[in-house]
1. Please compute the contact order of the range 209-319 in relative form: average sequence separation of alpha-carbon pairs under 8 Å and at least six residues apart, divided by the residue count, as a percent.
2. Sorted from fewest to most neighbouring beta carbons within 10 Å, what does the list Val88, Val231, Val200 look like?
3. Suppose the chain between Phe239 and Ser42 were pulled fully straight at 0.36 nm per residue; how much longer would it get relative to their current alpha carbon spacing?
4. Report the residue, chosen from Phe37, Phe180, Phe49, that carries the largest GNM mean-square fluctuation when the chain is represented by alpha-carbon nodes joined by springs under 10 Å.
5. Name the aspartates and glutamates eligible as straight-distance cross-link partners of Lys386: C-alpha to C-alpha under 19 Å, and not fewer than 8 places from it in the same chain.
6. For the Cα atoms of the chain, what angle does the longest principal axis make with the long axis of helix 311-320, in degrees from 0 to 90, nearest 10?
7. Would you mind computing, in nm to one decimal, how far apart the modelled labels at Gln139 and Lys224 are, each placed 7 Å from Cα along Cα→Cβ?
8. Highest GNM mean-square fluctuation, the chain, Cα pairs closer than 10 Å: which of Ala135, Ala164, Ala181?
Amino acid sequence: MKSTTSLHADHELERNQGIAPPLFQSVTYFAENEKEFSEMASEPLHDGFYGRYGNRNASRIARVIADLEHAEDGLMFASGMGAISNTVLSFVRAGDHIVAQKNHYIGTTKLLEEILPDFGVEVSLVEQDHPNNFARAMQDNTRLVLLESPVNPLLTLTDLEAVASLARSRGILTICDNTFATPILQQPIDLGIDLVIHSVTKYIGGHHDLIAGCVVGARELLKKIWSMNLVLGSVSAPFHSWLALRGIRTLDLRVRQHCRSALAIAGFLEKAPGVGKVYYPGLPSHPQRALVDKQMDGQGGGLLSFDLKGGYDAGVHFLKHLQIFQNAASLGGVDSLAIQPAVMWGGRLPQEVIEEQGLTPGLIRLAIGLEDTADLIRDLSQSLEKLDNR
């Protein structure tokens, strides 16, 4: 069903244009008369007036993501952070309050801790592992709850249904970043979440060749976000939207393979010498396994992390000897990537934030690609052996 949706959800938008969608590169469009021009210029989410208002390639990929997420509609942006920033700023103003998780994507963390307070928006950060933490933080002026599940890099889950129920009973909007789980494994709107965000750059694009973001939800909410973006201008380019549409056609197949390989690799690492704790939601040993079964279709996704007992130096040595895994940022593409978060984020986050987020010196994050599973395990094994023989 999800593969079929990925392939056919947008076909009614452009009939008789060929099986592969055309690329609409035009920035502006003509009108036949003043009435049509007025409608084009004033209709929210119109994709045939001017490029900052939207474009047809963006509308197509947004339609497919929305259908996969069981949402009414979608809106594309130039990046995942464009989607997050525009969405949050559309629903808060000075004097309002946000409840959010302590652990978020680094860009979201900076938005919450550094930018929003400068504009008079109060933010309370809570541990995501229990819904009561969110309930205790809610205030009379709380306008939204911002969630991400699973979250980077320790893959902790948030009970989306429980938090959504708490927020809805108080008239509070909920937003969830669903990038890591993808709509293949998790559909937050079905759990009561109001708006769902994706960094389309990651699994939806899937080939390390585009930057884009998306938000899906009720059309009335999207109109407000669209209005904000007319001013902020985080516009998804037609070509990147076109690439994302090509990528989403195989999303279901790719995510299933990511999950299979990641589970096998996590199982290998649990028994490997020199490896401490392994963080992967798909493992039977994961402390939130019941929530994984309920919320993520029992699958763990394509991302995992583990601690090397030798600490920082061991991590540097380990990455240096990998042959298939490449030391590069991002995730969700066809190539397997490996990073040491303490290296990547050491210069971007305060030390206390690094410690709070569990970024131990020897932590390694693996983004599992589509290479043969046995080859990936062999690569990890040979690098661990070199670590033992230093």
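Throughout, read-outs are computed from the coordinates displayed, never taken from laboratory work. Given the structure is predicted, the values throughout are model-derived calculations rather than measurements. Don't worry about glycine lacking a Cβ; one is built from the backbone with ideal geometry, like all the others, and counts go over all protein chains shown.
1. 21
2. Val231, Val88, Val200
3. Using 0.36 nm per residue and subtracting the Cα-Cα distance, I get 68.4 nm.
4. Maximum among the listed residues: Phe37.
5. Glu270, Asp307, Asp313, Asp375
6. 70
7. According to this spin-label approximation, the distance is 1.9 nm.
8. Ala135
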